[in-house]
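Some notes on the structure that comes next.
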Amino acid sequence: MLRSLACTLMRGGTSKGLFFDARDLPAEVTTRNAVLLAAMGSPDPRQIDGMGGAHPLTSKIAVISPSPHENADVDYLFLQAAIEKAELSDSQTCGNILAGVGPWAIEHDFVAPRGALTPVRIRMLNTGALAVAHVPTPNNEVQYEGEARIDGVPGTAAAIAIDFEGIAGSSCGALLPTGSVFEEINGVAVTCIDNGMPVVVLNAADFGKTGGEAPDALEADGDLKARIEAIRLIAGQRMHLGDVTKKTVPKMCLVLPSQAGHAIATRTFIPHRVHEAIGVLGAVSVATACMIEGSVAAQISRAQGRQGACRLDVEHPSGFFTVEMDVVQGAKGIEIKRAALLRTARKLMEGRIFIHSAAWGPA
C-alpha cells in the first residue's frame, strides 16, 4: 500500500526541490533517507518513479522545522539526492533552495507576515550559519510574482534579498581552510576557500581550457574530469573535509577573465556534473576569492585589490550573479563584514506525495 506525505515542490533560485515539514518525516535518519530517496525516485538515471528531474539541480530536498535557536525562526536542513545511487548527502547547504525557505515558512505558519516585507531568520543546519531572507508579503500574503530577473530562470518573479551571517569557514572551520591563499596540488595552482560553500578555485588556462566551453563539452572531457577529481580528493583532505570521494564538496571552479565586463567568469563542477549557472554560496566564495590578494581568482579578476563594500558580478554559463560584499583587512587577516544577494522563488505545486510503503521498512 502506498503511503503519503505533505509536500511542496518549489523552485528556489536556479534549482528545484521538494520541501517537507520535519515533523512529518520519520525521526530515524536511515528510514527518513529511504523515504526521501523513494520520493525522488533514486536510484534511477531518469528518476522515473519519483519527483526528481534526473539532474543534481532538480534532485534537492529542504527539511524545515521550528528553530529552538534564539536568533532564528526556522531550521533548514538541505539534502542532495544522488540520481543513480541510493545516497542522500547533507555535506553541504544550498543557497538556491534557501530562497524558497522563507516563503514556505510563512505559508506554513512558522513565521507571521509583517506588512510589506517579512524577514525570516533561517539557521542552515548543514553549516550552522544564519541567513535572513526578506520575503515580499503585501496584504500579509507571500508574493511570488514580480519584476526581478535572475539569469538561469526564464521570466520574472518577486525579489527575495538574502543576507548571510557568519558563513566564513562554516564548513571547513576557516575562510582559508588550508591556511594559504595560494598553493599547488598536482602541479596546479589552487585557492581553497569557504565563505558559505567550500570551493577550490582553479585557472581554466592551466587545463588548456578557455573557460568559455559549454557545460556539456566539459562533462564530455574524461581526462579533464579525472584531473579535477584527483585535485578535489587531495583538496578535501587539506580543507578538513576528510575523504570527499562520496561527498558533494568541495566544488571545483574553473575561472578566467570575463569578456563581458564582469568581475570574473566561471565554470563550476558540482562536483561531477558542470553547473548550468553557479550555486549561490559558491558564487559568494568565488567573489570573496576575487577580493583576496594573491588568490587564483584575484590574479585574473577585475575586482583585484578591492576593499570595503562593493558589488561583484560573477559570470556563469547562463549569465551572471551579483554578490554584494563588504570585505576589510583586519588585524587577523581578511574579515567578511557582509555577504548578500538577490534571489527569486516560486511555489510550483503543493499536496501529498505518494511513496511505496517498503521505504518505511518493516511495519
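For the stretch 109-175, applying the loop criterion from DSSP together with a ceiling of 13 other beta carbons within 10 Å to the GluC sites (Glu not before Pro) yields Glu141, Glu145, Glu147.
To the nearest 0.05, what FRET efficiency results for Arg46 and Glu147 with a Förster distance of 51 Å applied to their C-beta separation? Each step should come with its number before you reach the end.
Numbers: r = 36 Å, r/R0 = 0.70.
That pair, Arg46 with Glu147, gives E of 0.90.
Of all the options Ala345, Ala82, Ala331, the one that moves most in a Gaussian network model of the chain with Cα springs shorter than 10 angstrom is Ala331. Computed from label points 7 Å out along Cα-Cβ, the spacing between Gln259 and Glu335 is 4.1 nm. Residues of the stretch 348-363 with an amide N closer than 19 Å to a point placed 7 Å from the Cα of Ser4 along the Cα-to-Cβ direction: 348-360. Modelled spin-label separation between Glu28 and Ala174, with each label point placed 7 Å from Cα along the Cα-to-Cβ direction: 4.2 nm. Structure remark: mean-square fluctuation, Gaussian network model of the chain, C-alpha springs under 10 Å; the largest value among Ala230, Ala297, Ala340 belongs to Ala230.
Note on the chain: with charges restricted to the Cβ of Lys and Arg (+1) and Asp and Glu (-1), its dipole about the Cα centre is near 60 debye. Computed from Cα atoms, the angle from the helix 222-238 axis to the main principal axis of the chain rounds to 90 degrees.
In which sequence would Thr137, Thr245, Thr178, Thr322 go, from the one with the fewest C-beta neighbours within 10 Å to the one with the most?
On the way: Thr137 23, Thr245 9, Thr178 20, Thr322 17.
In order of increasing Cβ crowding within 10 Å: Thr245, Thr322, Thr178, Thr137.
Counting other Cβ atoms within 10 Å, keep those with at most 13, restrict to DSSP loop, and tell me which trypsin sites (Lys or Arg not before Pro) in the stretch 1-62 are left. Intermediate results must be reported in sequence, preceding the final value.
Values: sites: Arg3, Arg11, Lys16, Arg23, Arg32, Arg46, Lys60; in loops: Arg46.
Here the sparse-neighbourhood loop sites are Arg46.
Largest first and in whole Å, the equivalent-ellipsoid semi-axes of the stretch 161-238 read 25, 16, 11, each the square root of five times a Cα gyration tensor eigenvalue.
Residue separation of Ser318 and Ser89 scaled by 0.36 nm, minus their Cα-Cα distance, works out to 79.8 nm of gained length.
How fast does the chain diffuse by Stokes-Einstein, in µm²/s, taking the Kirkwood radius from C-alpha pairs at 25 °C and 0.890 mPa s? List each step's numbers first, then the result.
Working: Rh = 20.7 Å.
Result for D is 119 µm²/s.
The overall shape of the stretch 1-155, judged from the alpha-carbon gyration tensor, is prolate: a/c is not under 1.5, and a/b is greater than b/c. Between the residues Val101, Thr118, Leu79, the greatest Cα displacement towards the positive end of the dipole of the stretch 78-142, with unit charges on the Cβ of Lys, Arg, Asp and Glu, is found for Thr118. About its Cα centre, the dipole of the stretch 183-341 is roughly 320 debye, where the only charges are +1 on Lys and Arg Cβ and -1 on Asp and Glu Cβ. Do any trypsin sites (Lys or Arg not before Pro) in the stretch 287-362 lie in a DSSP loop with no more than 16 other beta carbon atoms within 10 Å, and if so, which? For trypsin sites (Lys or Arg not before Pro) across the stretch 287-362 that sit outside H, G, I, E and B with at most 16 neighbouring Cβ atoms in 10 Å, the list reads Arg302, Lys332. With coordinates expressed along the principal axes, the C-alpha atoms belonging to the stretch 46-113 extend over 40, 23, 17 Å, beginning with the largest. When the charge dipole of the stretch 183-341 is built from unit charges on Cβ atoms (+1 for Lys and Arg, -1 for Asp and Glu) and taken about the Cα centre, the candidate among Met197, Gly294, Leu233 whose Cα reaches farthest toward its positive end is Met197. Going from the residue with the fewest nearby Cβ atoms within 10 Å to the one with the most, Ile234, Ile193, Ile228 rank Ile234, Ile228, Ile193. Taking the C-alpha atoms only, the angle from helix 280-290 to the longest principal axis of the chain is near 10 degrees. Scaling against 2.2 N^0.38 Å puts the C-alpha radius of gyration of the stretch 183-341 at 0.96.
Rounded to the nearest 10 degrees, the inclination of helix 95-107 to the longest alpha-carbon principal axis of the chain is 30 degrees.
Each reported figure results from applying straightforward, stated rules to the coordinates on display, with no laboratory input. Just so you know, these numbers come straight off a predicted model, no measurement behind them. Ideal geometry is used to build each Cβ from the backbone, glycine not excepted, and the neighbour counts take in all protein chains shown.
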